[in-house]
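The values are calculated or read from the model by the stated rules, or taken from the named source; none is laboratory data. It should be emphasised that the depicted structure is a prediction, and the values quoted were computed from it without experimental measurement. Cβ sites come from the backbone with ideal geometry, for glycine too, and all protein chains shown count toward neighbours.
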Amino acid sequence: MTKTVTIDYLPESALRYQAGYAAVAIDVIRATTTAVTAVATSRRCFPVPDLESAHRMASVLGCALLAGEKDGEIPEGFDIDNSPAEMVACNHTSDPVVLLSSSGTRLICNGSQCDALYVACLRNYSATVRRLVDSSCERIAVLGAGSRDEFREEDQMACAWITEQLLDEGYEPATTSTRNLVRRWSGAKPTDFLHSRSVSFLRRTNKLHDLDFVLEHIDDLDTAYVLSCGEIVRASKAPFLAPAESDAGLEVAV
């Protein structure tokens, strides 16, 4: 059977790629960068799809760092923003992270029924490709979170870079749009997405420390991360290509 890879976007797209697929969730600005950074700094991280689930998860865990945003604003009672820079700076506690975002964490949770759901960003895109290739999965969906129904440039680039490496490993593009996105972003520099509306939002809201963080941490992690029982973990610590649990990971080992 021909091995194929598809690029798609928006949280709802994950529902199209379930049994028989390995999927990659990408939200460069900022949810998957925040999640990967949390786990890379030895925190547990639980993505949730909505505010109610965030408070419910925090209650299950007993103590938690509530991180995230809803419609660009930090919800009342949350500890920090959906911010990789703040995640690194928040070193006064080792509490597990409950992470909420407008698009990225919904994408992750919607992908919980895939054979495997990888969480990637510009920090670990090559490591994610290596894990996908080693898994020998025949159908892969590389999914950008999108924002306000747009496939933002930073996510296009990350999806295209992952897909280009998979094509080099013998995968075939499943759609014409997949092939075209790879061509568009092949050879691009990390700064080529700076005209994105996501970057404009960071500038407008004085959150350029997160843009700086993204640009200063390109492919610096040699680890793939997967969703396992509602928690984002290092791929080596999860069952190999085991289906992830649903219900936003509310049944967790604490």
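Brief remarks follow.
- Flag if T163 is without any contact (Cβ under 8 Å) to a residue 60 or more places away in the chain and either surrounded by 23 or more Cβ atoms within 10 Å (Cβ to Cβ) or assigned to a helix (DSSP H, G or I) (or both): no
- R130 being in a helix (DSSP H, G or I) and within 21 Å of D222 (Cα to Cα): yes
- Single condition S186 does not satisfy, out of (1) surrounded by fewer than 22 Cβ atoms within 10 Å (Cβ to Cβ); (2) under 20 Å from the mean Cα position of the chain (by Cα): (2)
- Set side by side, the residues G249, G187 differ, and just one is at pLDDT 95 or above, on the phi > 0 side of the Ramachandran plot and of a type outside the set (S, T, Y), which is G187.
- Tally, over the stretch 214-237, of residues that are buried (at least 16 other Cβ atoms within 10 Å of the Cβ), more than 18 Å from W161 (Cβ to Cβ) and not charged (D, E, K, R): 8
- When residues of the stretch 211-246 are limited to those that are over 15 Å from the mean Cα position of the chain (by Cα) and either part of a helix (DSSP H, G or I) or of a type in the set (F, W, Y) (or both), the one modelled with the lowest pLDDT: F240
- Residue within the stretch 140-155 that is farther than 30 Å from A64 by Cα, of a type in the set (A, V, I, L, M, F, W, C) and in a loop (DSSP other than H, G, I, E, B) present: yes
- Of all residues in the stretch 1-11 being hydrophobic (A, V, I, L, M, F, W, C) and assigned to a loop (DSSP other than H, G, I, E, B), the one that is farthest from G104 (Cα to Cα): M1
- Among residues of the stretch 139-150, those that are at pLDDT 95 or above and surrounded by fewer than 18 Cβ atoms within 10 Å (Cβ to Cβ), counted: 1
- Residue among S59, S83 that is touching a residue at least 40 places away in the same chain (Cβ under 8 Å) and either out of contact with any strand residue (DSSP E or B) (no Cβ under 9 Å at 6 or more places or on another chain) or more than 18 Å from V233 (Cα to Cα) (or both): S83
- Among the conditions (1) surrounded by 13 or more Cβ atoms within 10 Å (Cβ to Cβ); (2) closer than 27 Å to A22 by Cβ; (3) out of contact with any Leu (no Cβ under 6 Å at 6 or more places or on another chain), L194 misses just one, which is (2).
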